[in-house]
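Reading through the structure tokens given below for one structure.
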Amino acid sequence: MFFSRSFPLVCATALLCGQQSVPPEEMRLRSSAYVPPSQYSLKAEARLVEVEVVVRDPRGHTVGGMTRDDFEVEDGGKKREITAFTAATSTPPAPASASAVSPAAAAAVPTPAASRIPPRFLGLLFDDLNMGPGDLIPARKAAKKFVAQGLSAGDQAGIFFLSRGQVLPFTADTAKLNDALDRLTVAPRNPVLPRCPNLTAYDAYVIANRQDATLLPVKVAEAMQCGFCQPRDRRCSSKVEDLATQVWGEVKFLSLNSLAAMKSTVDFMAKLPGKRVLLIASSGFLSGTLEPEREEIVDHALRGGVVINSLDAKGLYVQDSGVSNAGMNVRSVIARQNQGTRAQWDSNDTMAILSASTGGLFFHDNNDLELGFRELGLAPEFSYSLAFTPPGAPDGKYHNLKVRLKGSGHHTVQARPGYFAAIIPAAPPPIERRIDQEVLAAGTRDEVPVHISATPGKMPAGEPALRVVLHVDVPHLQFANRFGVRTQILTVIAALFDDAGGFVAGKEGEITFNLKENTFNLLNGGMDASLTVAAPAGKYRLRGVVQDGNEGKLTASSQTVEIVM
């Protein structure tokens, strides 16, 4: 009897559990995004610091036409020579009129398909971890209006939540974008704050990092009054400081998680084939002392060509009336009032720095969030990339930067405020996998009994994709026999390349077999598995490679495929 079992890799183990014929412990499947390793090995003798710069006129419009000689860079107050300079524009040049083009020149003009404008990917990242309902609901409403009215032709928008990652793949379907936004709710993970003495997250940050010497004595007096310390306890100051350090440790942990989620989103967008803009909507979070983590996001965004725009969902800043003053004495209440809106401003550091450092905008202290989404949904028309080589070896410290225009006092310069000179130990040479080399090759191999085919498909939300199907001839697969169990691991890579040979998208999967004899006999007709690779509609070269985990044998093939809307 000949038959075939079909298991989609994208569903992984969850689907196998529903297949009574193959127990999940006997076959497991998993998949993840794939990016081929660089084909080039670059050894750099000089360490460059890259600075993305946007120049704006008094009306906020970006200014083009600048050259290297228009800028000067100061590193810690010392001028540095600009050793690399590029100018970029997000507006394609207007095509020449037909009457101005000679017949000979017309023959050399590329076809529209060859000179098409690359798509623009707009990621909408909502910080549901740090936004309360009072901030989230207006931000969601403004985002839905922007989705309905602000997307340009060719734009693809994707929805990300800080707590969950990507919740909707990139699409131009406004109905799907609205449905995803409707699922946006608060997911706070705030630490429990002490009431005796009454410490806010900002109080804990200030005391633990010794930002304000006047606050600790106020909280010590409050601690004695509320019973946290006995009167005249000489160790009360240390106890309060230890409590603040403990609270700040919890706040810092949550902030680190927020930064890690932002970095993951930036890394994901850096792989997309086109212009990339990430819009972060957040109420902010304290990130003082976390400069290395912020700088890592900036570096990844600059290298990946991701412009970060930020919107402060708090709107117009006012004294935070939602903070309880219960149990506080008069000195404590006055100290709280004297803080004013400093807590709100300091919580914006990450948004302000990420935007300024990547050529983006920071929309804040304004209740018109609809205006904010309209302004931030655009990539800067003109931008510049400067680079310089700092003297000496990295010192592990944060360095302040200042970028100025030499001749104009009317323009505003946006640039990263500094960089972290990390001391990075020499990394071991990367391990080269044979399967990666085969992905970048063009030949055909037929050493593993797996046949690769492809059909147009869709992602769960309806975005265009390619379904790569693998038929595994199980009876002819080479297994290792361990105590009566047939074991094997197949590594599968499906990669899409454009006409120029550039990588577009890919998936890597792994099928682990631990088959008992009855299950092996059940699969005597073979089995099918599939990988779904999302990519914009168009024609591509699909490179499929499968590697045998026992003997290292390979099957590889290339074919022309088309993804349709």
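Only one of 507, 516 is of a type in the set (D, E, K, R) and closer than 19 Å to residue 22 by Cα; which?
Details: 507 fails: closer than 19 Å to residue 22 by Cα.
Selected residue: 516, the only one of 507, 516 that is of a type in the set (D, E, K, R) and closer than 19 Å to residue 22 by Cα.
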Q: Considering each residue of segment 217-245, count those that are open to solvent by 30 Å² or more (accessible area, probe 1.4 Å), in a helix (DSSP H, G or I) and without any contact (Cβ under 8 Å) to a residue 40 or more places away in the chain, and give that number.
A: 7
Q. Would you call residue 364 farther than 20 Å from residue 298 by Cβ and out of contact with any Cys (no Cβ under 6 Å at 6 or more places or on another chain)?
A. no
Q: Give me the pairs, please: first residue somewhere in segment 351-380 and within 21 Å of residue 152 (Cα to Cα), second residue anywhere and among the β-branched types (Val, Ile, Thr) and surrounded by fewer than 23 Cβ atoms within 10 Å (Cβ to Cβ), beta-carbon distance under 6 Å, and either six or more positions apart or on two chains.
A: 359/54; 380/54; 380/62
Q. What number of residues in segment 489-508 are modelled with pLDDT under 95, assigned to a strand (DSSP E or B) and over 22 Å from the mean Cα position of the chain (by Cα)?
A. 1
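Which residue, of 110, 36, 58, 92, is surrounded by 13 or more Cβ atoms within 10 Å (Cβ to Cβ) and either out of contact with any strand residue (DSSP E or B) (no Cβ under 9 Å at 6 or more places or on another chain) or modelled with pLDDT of 50 or more (or both)?
Numbers: 110 fails: surrounded by 13 or more Cβ atoms within 10 Å (Cβ to Cβ); 58 fails: surrounded by 13 or more Cβ atoms within 10 Å (Cβ to Cβ); 92 fails: surrounded by 13 or more Cβ atoms within 10 Å (Cβ to Cβ).
Just one listed residue meets the conditions, 36.
Quick one: count up the residues across segment 328-360 that are open to solvent by 50 Å² or more (accessible area, probe 1.4 Å) and over 23 Å from residue 413 (Cα atoms). Lay out the reasoning, then the answer.
Going residue by residue through segment 328-360, those that are open to solvent by 50 Å² or more (accessible area, probe 1.4 Å) are 330-331, 334, 337-338, 342, 345, 349.
From what's left, over 23 Å from residue 413 (Cα atoms): 330-331, 334, 337-338, 342.
Residues flagged as open to solvent by 50 Å² or more (accessible area, probe 1.4 Å) and over 23 Å from residue 413 (Cα atoms) within segment 328-360 amount to 6.
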Q. Yes or no: residue 151 assigned to a loop (DSSP other than H, G, I, E, B), within 16 Å of residue 279 (Cα to Cα) and not hydroxyl-bearing (Ser, Thr, Tyr)?
A. yes
Q) Considering segment 533-565 alone, what residues qualify as being open to solvent by 20 Å² or more (accessible area, probe 1.4 Å), part of a strand (DSSP E or B) and within 21 Å of residue 510 (Cβ to Cβ)? A) 534, 547, 557
Q) Of the residues that make up segment 150-169, is at least one out of contact with any helix residue (DSSP H, G or I) (no Cβ under 8 Å at 6 or more places or on another chain), at negative phi and among the polar types (S, T, N, Q)? A) yes
Q: Within segment 460-475, track down each residue that is assigned to a loop (DSSP other than H, G, I, E, B), of a type outside the set (Gly, Ala, Ser) and open to solvent by less than 40 Å² (accessible area, probe 1.4 Å).
A: 463
Q: Give segment 175-216 a look and list any residue that's surrounded by 19 or more Cβ atoms within 10 Å (Cβ to Cβ) and of a type in the set (Asp, Glu), or say none.
A: 203
Q) Mind checking which residues of segment 361-376 are outside any loop (DSSP other than H, G, I, E, B), open to solvent by 40 Å² or more (accessible area, probe 1.4 Å), closer than 22 Å to residue 306 by Cα and in contact with a helix residue (DSSP H, G or I) (Cβ under 7 Å, 6 or more places away or on another chain)? A) 362, 374
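For segment 313-326, does any single residue satisfy the condition of being outside any loop (DSSP other than H, G, I, E, B), surrounded by 19 or more Cβ atoms within 10 Å (Cβ to Cβ) and either touching a Leu at 6+ places or on another chain (Cβ under 7 Å) or at pLDDT 85 or above (or both)?
In the first step, residues of segment 313-326 are kept if they are outside any loop (DSSP other than H, G, I, E, B); the result is none.
No, segment 313-326 contains no residue that is outside any loop (DSSP other than H, G, I, E, B), surrounded by 19 or more Cβ atoms within 10 Å (Cβ to Cβ) and either touching a Leu at 6+ places or on another chain (Cβ under 7 Å) or at pLDDT 85 or above (or both).
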Q. Conditions: (1) at pLDDT 85 or above; (2) open to solvent by 50 Å² or more (accessible area, probe 1.4 Å); (3) touching a strand residue (DSSP E or B) at 6+ places or on another chain (Cβ under 8 Å). Residue 303 meets all but one. Number of the miss?
A. (1)
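I'd like the full set of residues that are in a loop (DSSP other than H, G, I, E, B) and under 30 Å from residue 533 (Cα atoms), limited to segment 166-186. Don't jump to the end; show me each part of the working.
As a first pass, look at segment 166-186 and keep what is in a loop (DSSP other than H, G, I, E, B): 172-173, 183-186.
Within segment 166-186, 172, 173, 183, 184, 185 qualify.
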Q: Output the number of residues of segment 476-503 satisfying the condition of being surrounded by fewer than 19 Cβ atoms within 10 Å (Cβ to Cβ) and hydrophobic (A, V, I, L, M, F, W, C).
A: 7
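The values are calculated or read from the model by the stated rules, or taken from the named source; none is laboratory data. From a predicted model like this one, the values you see are computed outputs, not experimental measurements. Here the Cβ is made from the backbone with ideal geometry for all residues, glycine too, and neighbour counts use every protein chain on show. Calculation scope for accessible area: heavy atoms of the full protein, side chains included, ligands and nucleic acids excluded. Shrake-Rupley method; radii C 1.70, N 1.55, O 1.52, S 1.80 Å.
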